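The values are calculated or read from the model by the stated rules, or taken from the named source; none is laboratory data. What you see is a predicted model; the values in this text were computed from it and never measured. With ideal geometry, Cβ positions are generated from the backbone for all residues, glycine too; neighbour counts draw on all protein chains shown.
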Amino acid sequence: MEAMTPGSDATGAVSAMVLAIGQQSFPEVLIETLRAVAGVGHCMVFTFENQHSARCLLSTGDIAIGPDLGAAYSQHFHTADPNREAIFGQRAQARHILLPNFARRMYPRGYRKLFFEDSEIVDKAATAIWVGDHCTYVNFYRTAVQGGFAPDERQRIAAVAPLVAAIVARHCQAHAAAADPADKLASLFAAGGPLSVLTPREKDVCRRILSGFSSEAIAADLGIALNSVFTYRKRAYEKLGIASQNELFAIALRLMTAPKPLN
């Protein structure tokens with residue numbers, strides 16, 4: 001992407017990110033988009049569930065020690081981040097948060113050394129969005145070779161920040177679901193879904209069928225007789241209105257590929 005001129009439509013530049021949601025190419029598309037919009041040198045994304053823990057979801061760009069910074073922030077430096085007050089203070093509003101730009105002196109000395117001096121970060125901007133119980137916290141950095149953000153670059157970041165935060169949050173949701181198929185499979189049997197009509201033992205059998213277990217393996221894994229596996233399977237299929245394993249897989253595939261709302 002070419003660098004944008006001050007009169008360009010910054011929001012239009014993020015369209016490529018939408019198409020990259022859930023794809024391995026997303027980090028590269030993200031940083032290339034941010035470079036085009038405002039000359040961002042590096043981007044890191046963190047998530048908060050509560051005030052006691054943070055996790056780095058993504059680090060992409062020009063900072064060689066980016067992964068180390070993400071790990072250090074997640075382990076203990078998140079408690080020293082002055083943005084935390086705004087992030088958790090606006091949690092109940094469930095909307096995009098454009099975070100203030102703090103001077104370097106606002107950060108504790110250890111934080112300044114690692115996140116500014118050692119990494120050669122000279123400027124940053126940040127945004128956050130709460131989706132349910134999770135906050136996606138997106139940080140945009142400039143390095144020493146770039147210099148700080150110009151006023152027009154900050155304006156363009158502010159313009160795209162709500163879209164970028166929402167797109168990154170959706171990508172992280174999709175990536176997490178794809179990365180843990182066991183959890184996604186288990187969620188199909190949660191309360192309220194089409195498979196929640198089954199008894200606990202019928203769910204146990206169907207879950208193992210979907211995981212590729214043979215009837216004999218299911219019996220051994222659950223510690224029940226083979227005839228009991230057949231009985232639970234028959235009852236489950238009757239409740240679901242199906243007659244075969246292929247139809248069970250079809251139900252699971254439909255549920256797992258259905259789009260999920262962001263609320």
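How many of the residues in segment 147-203 are modelled with pLDDT of 90 or more and acidic (Asp, Glu)?
Residues in segment 147-203 being modelled with pLDDT of 90 or more and acidic (Asp, Glu): 3 in total.
If we scan segment 20-37, do we find a residue that is assigned to a helix (DSSP H, G or I), at pLDDT below 90 and closer than 20 Å to residue 128 by Cβ?
Checked segment 20-37: no residue is assigned to a helix (DSSP H, G or I), at pLDDT below 90 and closer than 20 Å to residue 128 by Cβ.
Going by what's in this entry, would residue 42 be described as in the same structural domain as residue 175 (by TED's automatic domain parsing) and either buried (at least 21 other Cβ atoms within 10 Å of the Cβ) or within 20 Å of residue 150 (Cβ to Cβ) (or both)?
So residue 42 passes the test.
Could we say that residue 68 is under 30 Å from residue 24 (Cβ atoms), in a helix (DSSP H, G or I), assigned by TED's automatic domain parsing to the domain that holds residue 153 and out of contact with any Cys (no Cβ under 9 Å at 6 or more places or on another chain) here?
Considered against the rule, which asks whether it is under 30 Å from residue 24 (Cβ atoms), in a helix (DSSP H, G or I), assigned by TED's automatic domain parsing to the domain that holds residue 153 and out of contact with any Cys (no Cβ under 9 Å at 6 or more places or on another chain), residue 68 comes out as yes.
Output the residue which, of all residues in segment 109-124 that are touching a residue at least 40 places away in the same chain (Cβ under 8 Å) and touching a Phe, Trp or Tyr at 6+ places or on another chain (Cβ under 9 Å), is farthest from residue 30 (Cα to Cα).
Filtering segment 109-124 for residues that are touching a residue at least 40 places away in the same chain (Cβ under 8 Å) and touching a Phe, Trp or Tyr at 6+ places or on another chain (Cβ under 9 Å), the one farthest from residue 30 (Cα to Cα) comes out as 114.
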